[in-house]
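The values are calculated or read from the model by the stated rules, or taken from the named source; none is laboratory data. All of these numbers come straight from a predicted model, not from anything done at the bench. Here the Cβ positions follow ideal geometry from the backbone for every residue, glycine too, while neighbour counts run over all protein chains shown.
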Amino acid sequence: MSKSASFKTAFGAAAIALLAMSSSALADGYYGSTKDVAAPSEGRKFSWSVTGTGTSDYVFRGLSLNNEDPAFQASIDVEYGIWYAGLWGSMVDGPGYEPVELNFYTGIKPVLGPVTFDFGVIYYFYPWADNSGDSDVVELKAAFDWSPVKNLTLTPA
């Protein structure tokens with residue numbers, strides 16, 4: 001099986017799993033007629049943000065991906081209820097990866113009492129690299145934050 005077909009299979013499976021996890025939202029009014037539907041609650045607001053950052057080095061999992069040089073990073077994010085998606089990018093300087101790394105991510109963040117879960121999928125890709133497609137990676141994400149008291153959030157590392 002080629003890397004392209006393998007990626008498509010992995011990404012498709014991740015997308016189906018994410019949809020299956022969020023299927024209960026369909027029963028909660030996300031699908032169907034909008035006739036006689038109340039205005040969205042505070043938890044179902046649409047929001048978006050754009051960020052730009054300068055950093056002294058792009059370090060990922062303990063390795064410099066920008067040859068220990070400064071890097072510019074930017075992102076755009078959208079949220080609606082428990083669903084989120086975004087695109088993040090950074091300058092990179094490494095054999096086969098330069099000049100840019102882009103990450104597309106999407107997921108859901110359901111809340112159960114003081115615990116906020118985060119289930120998602122991240123696609124790391126290098127669209128202008130010499131070996132474009134060979135370095136692309138799909139990663140599944142499962143995390144949680146716990147807020148036992150107001151203004152205190154604990155996140156396991």
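Tallying residues that are small (Gly, Ala, Ser), surrounded by fewer than 16 Cβ atoms within 10 Å (Cβ to Cβ) and more than 18 Å from Trp48 (Cα to Cα) within the stretch 63-102 yields 2. Screening the stretch 131-157 for residues that are assigned to a strand (DSSP E or B) and touching a residue at least 60 places away in the same chain (Cβ under 8 Å) and picking the one that is nearest to Asn103 (Cα to Cα) gives Val138. The number of residues in the stretch 63-84 that are out of contact with any Gly (no Cβ under 8 Å at 6 or more places or on another chain) and closer than 30 Å to Pro110 by Cα comes to 2.
In the stretch 117-130, is there at least one residue being in a loop (DSSP other than H, G, I, E, B), surrounded by 14 or more Cβ atoms within 10 Å (Cβ to Cβ) and not charged (D, E, K, R)? Yes, the stretch 117-130 contains a residue that is in a loop (DSSP other than H, G, I, E, B), surrounded by 14 or more Cβ atoms within 10 Å (Cβ to Cβ) and not charged (D, E, K, R). For beta carbons closer than 6 Å, sequence separation of 6+ or different chains, a first residue in the stretch 44-62 that is surrounded by 10 or more Cβ atoms within 10 Å (Cβ to Cβ) and a second that is in a strand (DSSP E or B) and charged (D, E, K, R), the qualifying pairs are Ser49/Asp77.
Filtering the stretch 83-114 to residues that are modelled with pLDDT of 95 or more and not in a strand (DSSP E or B) leaves Lys109, Pro110.
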